[in-house]
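These notes concern the structure reproduced below.
We did not get these values from a lab; they are worked out from the coordinates using the rules stated. Just so you know, these numbers come straight off a predicted model, no measurement behind them. No Cβ is skipped: glycine too gets one built from the backbone with ideal geometry, and neighbour counts run over all protein chains shown.
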Amino acid sequence: MESLLPPGAAALLRQARRVVVFTGAGISAESGVPTFRDDLTGLWARFDAEQLATPEAFHADPELVWGWYEWRRARVRRARPNPGHLATAAIERLVPGSVVVTQNVDDLHERAGSTAPIHLHGSLFAPRCVAEPAHPAAFPDAEAVSRDVRAAQPAAVADGDEAADPGEGGRIPPPRCGRCGALVRPGVVWFGETLPEAALTAAAEAAAACDVLLIVGTSGVVYPAAEIPRIAARAGATVIQVNPEPTPLDGLCAVNLRGSAARVLPALVESAWGSAEAAGAPHPAVS
Ligand code: BV8
């Protein structure tokens, strides 16, 4: 795996005292979760994600948009964290005080063992009521919602197990809030909506205080999230990027590792700390 890495990349990480791992959809790609800019399929093929991920789209066609998010939620529930997520959790163990900042709305960092990733754009698993002030939606449990997902599928997949393949998905009427009767919406940040202030502030503070920031699997085009690596670079941190493709963030980086997260991140961790520690044993220097 060492051949994946230019000399010195692992040393930069090993010497780090505070690491921020900043992730985008690319880290979940090898778990089978489509990236944000992958072409949409099935019912949503005629849209791009940026059109559907808006309050206007939900207002215009709540069933189409809710169906898309429930299809994505079912895809994530069926997915498993990949070695990129696991290596990220290993870095948190090996460098105490490190922080994961994610643009993703899946829960794969948590399921890989990351303790408290900062979700800049919300979560597929935190639907909320559309009424203001926003409150968590009281509505049928996730299982009931998943039954809706299966019910919207052709019979062949409708009776799959809990993590049944959501197929091509379908239109699903959003539930109603059990507390106030308003529509339930996905608990994500749509285009044109402001990010949760506490999350953005915590992410910016972590970026300003770290000595290494790893950018993993993002196209780096959506703001204000894409500002996070810039904050770290301005504060003097070493920025390392993991992405098979070039991005607008390349110029910030001391090292651009052209490869996939599931291959490069484990190689980086193993080269920096050895396989035993990377696999989960505590680093001897870390009490
Ligand atoms: C805001 C949640 C203030 C939803 C997301 C006009 C009106 C209003 C705002 C704007 C406007 N024009 C511009 C803006 C600002 C706008 C913006 O930045 N637009 C962009 C498109 C220019 N931002 C906003 O609207 C933000 N809010 O500004 O509020 C405001 C308010 C009102 C008016 C003005 C301003 C809110 C943005 C949040 C949107 N929500 N997600 C959902 O998921 O459905 S964004 C979504 O796209 C993701 O969460 C992510 O953050 C973003 C980018 O996606 P990536 O994660 O980077 O994924 P992508 O597919 O793009 O790239 C994948 C990468 O992985 C690629 O580079 C690929 O090479 C790589 N890869 C692939 N495989 C692998 C890999 N890497 C490693 N390993 C692999 N195996």
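Tell me, D211, D61, D106, D39 in order of fewest to most beta-carbon neighbours within 10 Å? Don't skip to the end; give the middle numbers.
Details: D211 17, D61 14, D106 25, D39 9.
Fewest-to-most Cβ neighbours within 10 Å comes out as D39, D61, D211, D106.
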*Using the 2.2 N^0.38 Å rule of thumb for compact globular proteins, work out how the chain stacks up: its C-alpha Rg over that value, please.*
1.04
_Taking amide H atoms as placed 1.01 Å from N in the peptide plane, list the residues 5 or more away in sequence, or in a different chain, whose amide H sits under 5 Å from that of L213._
V20, T238, V239, I240
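How much net charge surrounds G97 when only the other residues with a Cβ under 12 Å from the Cβ of G97 are counted, with Lys and Arg +1 and Asp and Glu -1? Each step should come with its number before you reach the end.
Details: positive: R17, R18, R93; negative: E92, D211.
Neighbourhood net charge equals +1.
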_Over region 175-246, relative contact order from alpha-carbon pairs under 8 Å, at least 6 apart, %_ = 29 percent
_7 Å from Cα along Cα→Cβ at both A182 and R18: what's the point-to-point distance in nm?_
3.8 nm
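Counting only C-alpha contacts under 8 Å and six or more residues apart, can you give the relative contact order of the chain as a whole percent? It would help to have the intermediate numbers written out before the result.
Numbers: 543 pairs, mean separation 75.9, N = 287.
Worked out over the chain, it gives 26 percent.
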*Can you list residues whose amide H is under 5 Å from G122's amide H, if they're 5+ apart or on another chain and H is modeled 1.01 Å from N?*
V189
*Along Cα→Cβ, 7 Å out, is where each label goes; now give me the distance between the ones at T194 and R111 in nm to one decimal.*
3.3 nm
